[in-house]
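I have placed the structure first, in the form of structure tokens, so that the comments after it can refer back to it.
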Amino acid sequence: MAVSLPDYYFRVRENGAFVFRVDTENRQRRIDMEQIAAVNIRNGEIKPHGGRALSDTDMAEIKSWMAERRALLAERDIDDIKRTIDHLNLTAHWAQTKATEDQLEAVTDDLLLTMHDLRSVLVRKKADRLMKEQKDKS
């Protein structure tokens, strides 16, 4: 059973990836990976590795990967926020039903400040959206 490998491999790093061209068509029938570029998701920069020129195919594959990666990271951000909502609900239940006075004393100030900060940001952003919406209707 022959395994079909992709033509490119992206070694993910914190702000992007190193891009490798995968070669299995060689005499030794082994997998060779040649680094061809480094990409930065945050600023969209694509740096060819070792002074090489990237082909149109290379660029198309890299740009496609970058778009898919950005979409995946955006999905993860929303999922993290939804998990935070669940965690806040669990925290409220814990505070109401299980927490000791010492445990509450240890976390109350930090939780209150964090929730106040979050509430302030959310209210301000909501007001900005409503004002923009009203302006757009006018």
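We did not get these values from a lab; they are worked out from the coordinates using the rules stated. All figures in this text were calculated on a predicted structure; none of them were measured in a lab. Ideal geometry is used to build each Cβ from the backbone, glycine not excepted, and the neighbour counts take in all protein chains shown.
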Phi to ³J(HN,Hα) by Karplus 6.51 cos²θ - 1.76 cosθ + 1.60 over segment 49-55, Hz, x for Gly, Pro: 8, x, x, 7, 9, 8, 6
If one computes the Cα centroid of segment 22-82 and of segment 86-124, what distance in Å separates the two points? 41
Quick one: angle between helix 101-137 and the longest Cα principal axis of the chain, in degrees between 0 and 90, rounded to 10, please. 70
Here P(r) for the chain, Cα-Cα distances in 5 Å bins, as whole percents, is 2, 8, 11, 12, 10, 9, 9, 9, 9, 8, 7, 5, 2, 0, 0
The size of the Cβ-based charge dipole (Lys, Arg +1; Asp, Glu -1) of the chain about the Cα centre, to the nearest 20 debye, is 500
Helix-only CD estimate at 222 nm, as mean residue ellipticity for the chain, using -39500 (n - 2.57) per DSSP H run (n ≥ 4): -21000 deg cm²/dmol
Quote the FRET efficiency, to the nearest 0.05, computed for residue 64 versus residue 122 with a Förster distance R0 of 35 Å and r equal to the Cβ-Cβ distance. 0.50
Excluding same-chain pairs closer than 8 in sequence, count the lysine pairs in the chain whose Cα atoms lie under 17 Å apart. 4
For labels at residue 43 and residue 93 in the simple 7 Å Cα→Cβ model, what's the distance in nm? 4.6
Say each of residue 9 and residue 24 gets a label point 7 Å from the Cα, pointing the same way as Cα to Cβ; how far apart are those two points in nm? 1.2
Using Cα atoms only, what is the angle between the long axis of helix 56-97 and the major principal axis of the chain, expressed in degrees (0 to 90) to the nearest 10? 20
